[in-house]
Every structure is written in C-alpha cells, then in structure tokens.
Amino acid sequence: MPTNAQWFKGNTHTHTTNSDGDTPPEAVARWYKSHGYRFLVLSDHNVFTNPATLASLMDSTFLLVPGEEVTTSFQSASVHVNALEISRLIPAPKGGSLVETVQNTIDAIRAEGAVPHINHPNFRWSLDTAVLWRVKNDRLLEIHNGHPTVHNEGGGETPGMEDAWDALLTRGKRLYGIAVDDAHHFQGEFAPERANPGRGWVVVQATTLNGRALVEALDAGRFYASSGPVLEAITITESQLSIRITRQGDFKYTTEFVGANGRVLAVNKSLTPQYTLQGDEMYVRARVIDSAGRVAWVQPVFTTRYVERQP
Ligand SMILES: [Zn+2]
Ligand SMILES: [Zn+2]
C-alpha cells in the first residue's frame, strides 16, 4: 500500500426514482454527501444514471461513481449484479442455466472494463454456494446488505452470507466481502422493515478520490466493510495482521480472527487487536463486533498455503 493512501468511505448500492427508489438521484446523492460519504454508486435496476447530470454535487470531497444494478433472472431465481465504473448501460443478459445467467452478467460487466459485485445471494433464496462456486472472474460478494428482506443471516438449511463466504474461501475461491445499503427509502419513517440508507458501507484505500482507483482497490481487496465500527488502520506484514479500532463514544469491541471453514482462531478485546500468522492457515480475516452488535469485516489475508481453485 502506498504511504500516501487514504481511506474513502462509500456505498456501492443504492436506488433512486430512476428505478424503484422513492427519491430522485440528486436528493439521494445529497443524503450521502451530507452524511460523510466520500463516494456513492447510484445503482438503479437496468438504468444508467449518468453522474455527469449531477456534476454540481461533485467536488474534492464527494464523487459519484457511475453504476447500474444489472438485473436479470433464471426461472424463479433473481440474478442481481452491480456494475461499478461503467460508461454506458449494460443490457441484462439471459442464460440457459442459473450459473450461465450469472456468468453472462459478470462477463458483460468485465467486457466493459467495469467491476462486478454479486448482490444479496439469499434474496428469494436465489444463489447458493454451489452456484457461486461455479462463477468465475468475480471478486466481490455482498455479505451484508441493508435491505430488510435479503436474508443476510440465512435460515433453515441455507447458510448466512458470512458462512457462505468462508465456505467459498475455504474451497479456493478468492472473494472479498462488501457491505452495502441497497437503500430504496429516503422519505417518511426510518424503520427496520424499510430499506433506509446508512446500514452498510465500504472504506477503501486509494491514493486519490477517483472512480477507476476506487473500483480497482475494491476488486483487489484493499478495503474493509462495515455496518458500524470504524477502523483507523489495518496493517499486514508477512507474519502479522494488526488492526487499530477508532473508539466511538463508550462503545466496546470484540475482534474475532477467522480462518478456513469459518473457524475462530483467536479472540481479542482490545482496541489494537493483532494476530500472528502461524503459517499453516489458508487465510485469516477479522470480524470486529461493537457493543451494539454491528460489525466491521477485514478482508482475508491469504497465506502461502492458500491454493486458489477454479471449478
Ligand atoms: Zn437487487
Ligand atoms: Zn438493489
């Protein structure tokens, strides 16, 4: 990481009246700008909301990264994949199977030089780990989505998104976990059963506030995801993963270092949790939980033992 890198907080998934949101793009962008976000992707369903039409909102503190939620389906399964840093609308593809539909969507996004992220796999119980495992050329998976009906935690026989992430990592698929709002509702009451903003975000390390730099950093895992906790630093050396937590108010924190199969390798209660790599882990990631139950997800560090596999 270059020493002049900065952290930029942003949300890569939100809706406006250009699809099924309740608020026009300008007011949505203003909500994020006035709440300390440095960048935002307006990701309407199969609509390209061109940031050039909102140029007056953009300055050195705030950037709109052009995007779209490419929205398609196969039989009863929903296939929603965000495209980040696009220059025009990407038409939603179809496929002869569910895996092919997801893959065609990823490929259409990559063909534009844009970066894909697979959205809310448990929405309508659409994309299980068997499907996600067979998809190639994707690096970003929503593990926390603020929409109330996407089943982040799983249920019944279906694993939650963190467990699905560990299952895929353990099998050899190199994936980074993102948190997003998927906000639709900026009007009226803010309540748990409504899709309000401010529930999930990413904090990206980049040298400048530039769309290309931000999405390349995301695609390479140079970020953390959060639903609350703020991290001041993440330091990775050959032998150690070190985190510095920015304490908010009188909150307390527990950090779990997680390895293959989702196994908790160590627990740390301090504001400066550290994990010494033993060398035989496949990967180690961290989950920082605050005393309200909100989480920051530190991306996996892959050891030399990690073998990336493809289906
Ligand atoms: Zn969606
Ligand atoms: Zn959405």
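The values are calculated or read from the model by the stated rules, or taken from the named source; none is laboratory data. Source: prediction; values computed, not measured. Cβ coordinates were reconstructed from backbone atoms using ideal geometry, including for glycine residues, and neighbour counts include every protein chain displayed.
Summary table below
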{"quantity": "Contacts under 9 angstrom Cβ, first residue in region 114-132 being aromatic (Phe, Trp, Tyr) and at pLDDT 95 or above, partner part of a loop (DSSP other than H, G, I, E, B) and within 11 Å of ligand 1 (Cβ to nearest atom), 6 or more apart", "calculated": "Phe123/His147; Phe123/Thr149; Phe123/Val150"}
{"quantity": "Conditions (1) buried (at least 18 other Cβ atoms within 10 Å of the Cβ); (2) within 16 Å of ligand 2 (Cβ to nearest atom); number of the one not met by Thr17", "calculated": "(1)"}
{"quantity": "Every residue from region 89-123 that is charged (D, E, K, R) and over 12 Å from Phe74 (Cα atoms)", "calculated": "Asp107, Arg110, Glu112"}
{"quantity": "Candidates Ser43, Ser34 - the one that is at pLDDT 95 or above, of a type outside the set (Val, Ile, Thr), in the same structural domain as Ala195 (by TED's automatic domain parsing) and within 16 Å of ligand 2 (Cβ to nearest atom)", "calculated": "Ser43"}
{"quantity": "Matching entry among Ser78, Ser73, Ser56 (being in the same structural domain as Val135 (by TED's automatic domain parsing) and more than 23 Å from Asp20 (Cα to Cα))", "calculated": "Ser56"}
{"quantity": "Hits in region 59-77 - residues which are within 16 Å of ligand 2 (Cβ to nearest atom), closer than 28 Å to Val203 by Cβ and not in a loop (DSSP other than H, G, I, E, B)", "calculated": "Gly67, Glu68, Glu69, Val70, Thr71"}
{"quantity": "Residue identified as over 21 Å from Ala233 (Cα atoms) and either assigned to a loop (DSSP other than H, G, I, E, B) or out of contact with any Gly (no Cβ under 6 Å at 6 or more places or on another chain) (or both) among Thr304, Thr254", "calculated": "Thr304"}
{"quantity": "Matching entry among Leu42, Leu89 (being more than 16 Å from ligand 1 (Cβ to nearest atom) and assigned to a loop (DSSP other than H, G, I, E, B))", "calculated": "Leu89"}
